Amino acid sequence: MVRLDNLSDEDFVNLDLSDEDRASLHQSDEDSKYFFQLCEDEVKGVKLPGHDHPMSFLARAVYCSGCTEINDSGGYHCSDCDMYLHKECAESPSEINHPSHTRHPLTLLTRGAPDDSHINSCRLCGGKFRRLIYHCTECEFTLDPACARNPPPLIVYHPKGHEHLLTLMPRLIFFTCNACGMVGDRSPYVCPQCDFMIHKDCIYLPRVININRHHHRVSRTYFLGLRNWVCGVCRLKIDGKYGAYSCLKCPQYAVHSRCATREDVWDGEELEYEPEEEMEDVEPFKVVGKNLINHFTHEEHNLGFKEGGGGGGEESMRCRACVLPIDLDSFYSCVDCDFILHEVCANLPRKKRHVLHNSPLTLQKNIPHHKLYKGVFRCSACKEFSSGFSYIGSGIQLDVRCGSITEPFVHQGHPHPLFFTLPDPKTCRACGIWQNKIVPALFTFTVCI
């Protein structure tokens, strides 16, 4: 291999290159040297701190044997150990001084924690180790590469999280977090004057949020008060001595901090100082006379109310909203055409929150063209096809049967109210089918209180 910076001007001119290739070689000396240095590294290998064998550079993403971070900036490979390392991990210094352990320097180890140390997780974040760690033998203090490179702050002042300064305690210590009520086993942030301890992540919990299990906003508090609280998401007990989210308008409603901020419950938006937008409470119809309405899905004609019980022939017709037979239910039928709705379907809200989506869903009569399949759509929850009305949100479309399910869900097949479960595999009590994703179709609300 010949490096460009070793060529004379005469040699460069005599190279057998096209004009395009010749132009592409007119780059800075620094770039040229870097490119050829990478090539040489791949062939010869380089010696890196903390490792006994030469390693070859790979100009591509590697699955790092040293840490758990994702990094696509290239890395190194040791053929003797069959070990791949991110560039940043491979070039880690062999010894560091870390602010969370100032008594002794930390030494880079490339084969995990010593066998006699019984350490398998980072002192600060609790993450499991791979092959690279920084370790103090005298104190058995060990960090993963991420915490070694990016030390957490020793002092945090975040008034939204706590009114006083919070100080990191980098020790193995069991504590109950004042913000979420969960037990931690290491490195809390503490406020001694308040007897206050908190997980690092809980310091930055949002103050006011919307969740898809409740129609009002919920606000964070560090003390609910002593009462028999039940979480509105997981349905488990809440310890009122610790933090949670509660509704200012519904004094009985509260949610665990961790449950309220789950990705499938919260939309990720902090709403403190944002004016509250009430759920659009627009009636689905206008009363225009005795037993006569004008529904928003059929504004061209009025609908007349009829008690259930049969006798008029409509019981064999199908409701335009849910596409089920009218049967013996009460209904509204058009005075000028064959449009017909169950009384229940005529009263469906035009906008609502649903456990399957973090933003409100809107009731629509017309199916968006891109969602049509031979005149029907497929419900995102039960996977059944329908030509009726649907509740639509970003990336989701529910038929009105799935879209109208709320908590608590009362079903004739069970004597107690049912609630939506965590998204874990469950077996349906009715059909015996095991599902790896619970959806709010019939019998999938399987938490019985």
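Coordinate-derived values only; no laboratory data. Keep in mind the model is a prediction, meaning the values are calculated, not measured. Every residue, glycine among them, receives a Cβ derived from its backbone with ideal geometry; neighbour counts consider all protein chains shown.
Normalising the Debye intensity of the stretch 351-403 to I(0), with uniform scatterers on Cα atoms only, and taking log10 at q = 0.14 Å⁻¹ returns -0.29. Please state, to two decimals, what the Cα-based radius of gyration of the stretch 285-346 comes to when divided by 2.2 N^0.38 Å (N = residues). For the stretch 285-346, the normalised Cα radius of gyration comes out at 0.99.
Take the Cβ atoms of Ser359 and Asp116, set R0 to 41 Å, and the FRET efficiency comes out at 0.15.
Report the FRET efficiency, 1/(1 + (r/R0)^6), for Leu292 and Lys237, where r is their Cβ-Cβ distance and R0 is 41 Å, rounded to 0.05. Rounded to the nearest 0.05, the efficiency is 0.25.
Dipole magnitude for the stretch 59-100: computed about the Cα centre from +1 point charges on Lys and Arg Cβ and -1 point charges on Asp and Glu Cβ, it is near 100 debye.
Just the C-alpha atoms of the stretch 205-260: what Rg/Rh do they give, with Rh taken as the Kirkwood radius? On the Cα set of the stretch 205-260, Rg over Rh gives 0.90.
Can you give the translational diffusion coefficient of the stretch 155-203 in µm²/s, computed by Stokes-Einstein from the Kirkwood radius over Cα pairs at 10 °C and 1.306 mPa s? Rounded, D is 151 µm²/s.
Measuring against 23 Å, Cα to Cα, the residue pairs Lys286/Lys365; Lys160/Lys200; Lys249/Lys352; Lys290/Lys351 contain Lys290/Lys351 as the ones spanning a longer distance.
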